[in-house]
Every structure is written in structure tokens, then in C-alpha cells.
Amino acid sequence: MEYPALDRLEQLANSLDGLQDRMNRRVEELRQQPVELESESGAVRVSVDHGGRVDRVDITSRGMRYSPDQLGSEITGTIRRAQREATKRLQESMREVLGSAADDYPLD
């Protein structure tokens with residue numbers, strides 16, 4: 001006896017496995033490409049990983065002349081910009097794999 005629904009379920013499972021493999025490859029590619037940004041003033045450089053976690057903060061000689069409040073603001077602002085860029089990259093990668101279905105799972 002044939003079970004068309006069972007065949008369809010097996011096809012769906014295989015499709016999901018392939019989708020998972022593609023997503024895993026995309027995430028691995030993103031892991032290899034940290035987001036590195038410099039503040040507009042050039043006082044601070046930051047690096048975040050694919051998930052937006054801060055890897056590195058560098059303060060340039062220009063930043064050393066800033067007040068603590070100014071420097072804190074530069075660091076925070078630059079980290080936030082880098083995190084937004086990391087989120088954007090991840091969302092774009094998801095969209096390439098999932099198509100418009102990625103919009104159902106916003107990252108921000």
C-alpha cells in the first residue's frame with residue numbers, strides 16, 4: 001500500500017535538512033567575517049562578531065584627547081553601529097536562504 005502523505009512528509013524532511021545545512025554554512029561564513037567599524041571622528045575602532053558581540057575596542061591617539069564622557073559616547077555609538085551592521089548581514093543571509101520567510105523572524 002502506498003502512502004502519498006508519508007512520501008510528502010519525507011520530502012519535506014529532506015528539504016528541511018538541506019535548508020538547515022545551507023543556514024549552517026551561512027552562519028559559518030559570517031563567523032569568518034567580523035564587522036569592523038571606525039567612529040566618524042576616528043577616535044574609536046570596534047570589532048563585533050556575527051552575533052554582535054564585541055570582540056575588540058581600540059582607542060586611537062585622537063580618542064585619548066577626549067573627555068571620559070565623550071569617549072564613552074564614541075565607544076557606545078560605534079559599537080551600536082557595528083551591531084546593527086552585524087544584524088543586517090545576518091538578516092540578509094537568512095533572506096538569501098529562506099526568501100521572504102526570513103521576514104517572519106526579524107532579528108531586531
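Calculated from the structure at hand, Rg and Dmax of the Cα atoms in Å is found among [x] 13.9, 44; [y] 20.6, 80; [z] 14.3, 38 as [y].
Comparing LEU6, MET23, ALA86 along the charge dipole axis of the chain, the residue lying farthest to the positive side is ALA86, per the Cβ-charge model.
If the chain linking ASP69 and SER47 were pulled fully straight, counting 0.36 nm for each residue of separation and taking away their Cα-Cα distance, it would gain 5.8 nm. The distance separating the Cα centre of the stretch 19-59 from that of the stretch 65-97 comes to 9 Å. Using Cβ point charges alone (K and R +1, D and E -1), the dipole size of the chain about the Cα centre works out to roughly 560 debye. Phi-derived couplings, Karplus 6.51 cos²θ - 1.76 cosθ + 1.60 at θ = phi - 60°, listed residue by residue for the stretch 71-82: 5, x, 5, 4, 5, 4, x, 5, 4, 4, 4, 5 Hz, with x used for Gly and Pro. The stretch between ARG31 and GLU96 holds 21.7 nm of extra length on full extension. This uses 0.36 nm per residue minus the Cα-Cα distance.
Which order do peptides 12-23, 70-81, 37-48 fall in by mean Cβ count within 10 Å, highest first? Could you put the intermediate results ahead of the total?
Numbers: 12-23: 11.2, 70-81: 16.4, 37-48: 18.6.
So the peptides 12-23, 70-81, 37-48, ranked by packing, come out 37-48, 70-81, 12-23.
Summarising the amide proton neighbourhood of ALA43: residues at separation of 5 or more, or on other chains, whose placed amide H is nearer than 5 Å comprise an empty set.
Compared with the dominant Cα axis of the chain, that is its longest principal axis, helix 4-31 is turned about 20°.
What percent does the relative contact order of the stretch 4-98 come to when contacts are Cα pairs within less than 8 Å and at least six residues apart?
Values: 113 pairs, mean separation 27.4, N = 95.
Once divided by the residue count of the stretch 4-98, the mean separation gives 29 percent.
Read-outs: derived from the displayed coordinates by stated rules, not from any lab. As the structure is a computational prediction, the values presented were derived from the model and not from experiment. Every residue, glycine as well, gets a Cβ built from its backbone with ideal geometry; the counts of neighbours run over all protein chains shown.
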